[in-house]
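Here is the structure we will look at.
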Amino acid sequence: MSWDQTVTKADFEQAPTGTKVARCYQLIDLGTQHNEFYDKDKHQVIIGFELPKDLREDGKPFFISQFYTVSLGERAKLRKHLESWRGASLEDDQRTVKEILMTVIGKPAYLSIIEKEGRSRIETILRPPDDANIPEAVNEPFVFLLDEFTEEKWDKLSEGLKNLIRRSPEYKKLRGLDQISAKEPFDEEEVPF
C-alpha cells in the first residue's frame, strides 16, 4: 500500500453471495443506539454467522453479521429472520427476546446473501433441511451481553465495536458515566470486524 492510498470499507474479503450453509456463532448486545435518520433510540444487537464451507484466502471460514433492532413486532426484520430460520411463527412464544436469541448460538442456517452497496448482506435466513450436512463450528461461540458484562468478554471485542457500545446508555450506566448524552449517531459501515 502506498502513502497516498486510503483504506476503504470494502478492503476486506466480503462473504460470497448466494445461498450459503452457515452456523451462528456470535451474539453482541450493542445497547441502545441513536438513529440520526429517524431521530430515535433503539436497542440493537449483532448476530454473526460463519460460513464453514466457504473459506477465505487464509483458510478460515468467511463470516457475516447482521445488525438488528431488538423487536419482535410483526414488521421487525429480527422477527422475520427468526421465524424463517426456525420454520415456525413466534406468535405464541412466551419467552423474552433475550431467551429466544440465546437459543440461536451454534444453530445451523441457510443464508441468502446478496451484494448491496459493495458489501455482502444477509437477505434471508432459512432453516436447513433435517438431513442437511452442516459442518461443526470452527469459531468458538461468542456472546456479549451488557446485562451480563464481563471484562474478559469486553476485551475480546474489536475496538470499533467497543466504541459503538460505549455510546449506549447501558454501557455508560455500567461505568458510572450515565450523565453523558447517548445521542451520538453511528454508521454501521464504520464498524470494523
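The values are calculated or read from the model by the stated rules, or taken from the named source; none is laboratory data. Since we're looking at a predicted model, the values are computed, not measured. Please note: Cβ atoms are built from the backbone with ideal geometry, for glycine as well, and neighbour counts cover all protein chains shown. Note: areas computed on protein heavy atoms with side chains; ligands, DNA, RNA excluded. Shrake-Rupley method; radii C 1.70, N 1.55, O 1.52, S 1.80 Å.
Of the numbered criteria (1) part of a loop (DSSP other than H, G, I, E, B); (2) buried (at least 17 other Cβ atoms within 10 Å of the Cβ); (3) not aliphatic (A, V, I, L, M), the one GLU136 fails is (2). Go through the stretch 104-131 and give me each residue that's charged (D, E, K, R) and over 13 Å from GLU50 (Cβ atoms). Listed by number, the residues that qualify are GLU115, LYS116, GLU117, ARG119, ARG121, GLU123, ARG127, ASP130, ASP131. The listed residues are ARG75, ARG127, and the only one of them that is exposed (fewer than 13 other Cβ atoms within 10 Å of the Cβ) and not small (Gly, Ala, Ser) turns out to be ARG75.
Within the stretch 106-123, the set of residues being of a type outside the set (Lys, Arg), open to solvent by 40 Å² or more (accessible area, probe 1.4 Å) and in a loop (DSSP other than H, G, I, E, B) comprises just one member, GLU117.
Of all the numbered requirements in (1) over 17 Å from the mean Cα position of the chain (by Cα); (2) modelled with pLDDT of 95 or more; (3) open to solvent by less than 80 Å² (accessible area, probe 1.4 Å); (4) among the charged types (D, E, K, R), LYS172 misses one, and that requirement is (2). Taken over the stretch 49-72, the criterion of being open to solvent by less than 30 Å² (accessible area, probe 1.4 Å), touching a residue at least 60 places away in the same chain (Cβ under 8 Å) and closer than 21 Å to PRO108 by Cβ is satisfied by PHE49, GLU50, LEU51, PRO52, PRO61.
So, in the stretch 88-105, exactly how many residues are within 20 Å of PHE63 (Cα to Cα), outside any loop (DSSP other than H, G, I, E, B) and open to solvent by less than 40 Å² (accessible area, probe 1.4 Å)? Qualifying residue count, the stretch 88-105: 1.
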